[in-house]
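What follows is one structure encoded as structure tokens, with my remarks underneath.
The values are calculated or read from the model by the stated rules, or taken from the named source; none is laboratory data. Nothing here was measured: the structure is a model prediction, and the numbers come from that model. Using ideal geometry, Cβ is built from the backbone for each residue, glycine included, and neighbour counts are taken over all protein chains shown.
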Amino acid sequence: MKTVSINDIKKELVNHEPNDLFEYCLRLAKFKKENKELLAFLLFQVQNMPKYIENIKKETEDQFLQINNSNIYFIKKSVRKILRYINKQIRFSMSKEAEAELLIHFCNCIISYSIPIAKSRQLQNLYDNQLKKTAKVLSLLHPDLQYDLRRQMAI
């Protein structure tokens, strides 16, 4: 079965009643956890983006505190898990400003929680790639916002 394009879905949704759309949303939320998380974000958190970003930052810090430092393998695994979480939240927000803030916070946490990136080539590459990604996102923002966010970087 061929997957229908987003454009076709958009055209078809216009023809449906609001009650049908309500039922579709509920079915999507029941089907997959990520759909439910996205729907919860759109319903409850999109109106207050600064608070949402602060909550993500706190959650990230909590996850960094829980990293098992006994072995570099566990550190790499935990850091990648945290980065997946942040990337999912960035996809939900669809905001370049939120993306820049969260990536800067992630990089700052790696430094402030003394993650031994020099001991692992993979961790060093992960950190470097996030710095590149942050620089790319920052270049798309307003110059005043760029200045404020660059000051937050601990590099």
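Are there any pairs with C-beta distances below 6 angstrom linking a residue in the range 40-51 that is among the aromatic types (Phe, Trp, Tyr) to a residue that is in a helix (DSSP H, G or I) and at pLDDT 90 or above, with the two at least 6 apart or on different chains, and if so which?
What qualifies is Phe41/Phe92.
Taking the condition of being assigned to a helix (DSSP H, G or I) and of a type in the set (Ser, Thr, Tyr), how many residues in the range 82-107 meet it? It would help to see each step written out before you state the result.
Of the range 82-107, the ones assigned to a helix (DSSP H, G or I) are 82-93, 96-107.
With of a type in the set (Ser, Thr, Tyr) added as a condition, the list becomes 85, 93.
Summing the residues that are assigned to a helix (DSSP H, G or I) and of a type in the set (Ser, Thr, Tyr) in the range 82-107 gives 2.
Of all residues in the range 101-142, which are closer than 18 Å to Lys58 by Cβ and under 17 Å from the mean Cα position of the chain (by Cα)?
Within the range 101-142, Glu101, Leu102, Leu103, Ile104, His105, Phe106, Cys107, Asn108, Cys109, Ile110 meet the criteria.
Condition first: touching a residue at least 24 places away in the same chain (Cβ under 8 Å), hydroxyl-bearing (Ser, Thr, Tyr) and closer than 26 Å to Asn48 by Cβ. Now tell me which residues in the range 113-152 satisfy that. Don't jump to the end; show me each part of the working.
First, the residues of the range 113-152 that are touching a residue at least 24 places away in the same chain (Cβ under 8 Å): 113, 115-116, 119-120, 122-123, 126, 130-131, 133-134, 137-138, 140-141, 145, 149, 152.
Now restrict to residues that are hydroxyl-bearing (Ser, Thr, Tyr): 113, 120, 134.
Selection gives Thr134 alone.
Looking only at the range 11-32, decide whether some residue is closer than 30 Å to Met153 by Cβ, among the β-branched types (Val, Ile, Thr) and either part of a helix (DSSP H, G or I) or in contact (Cβ under 8 Å) with a residue 40 or more places away in the chain (or both). Before you say what the answer is, go through the steps one by one.
Going residue by residue through the range 11-32, those that are closer than 30 Å to Met153 by Cβ are none.
No, because not a single residue in the range 11-32 is closer than 30 Å to Met153 by Cβ, among the β-branched types (Val, Ile, Thr) and either part of a helix (DSSP H, G or I) or in contact (Cβ under 8 Å) with a residue 40 or more places away in the chain (or both).
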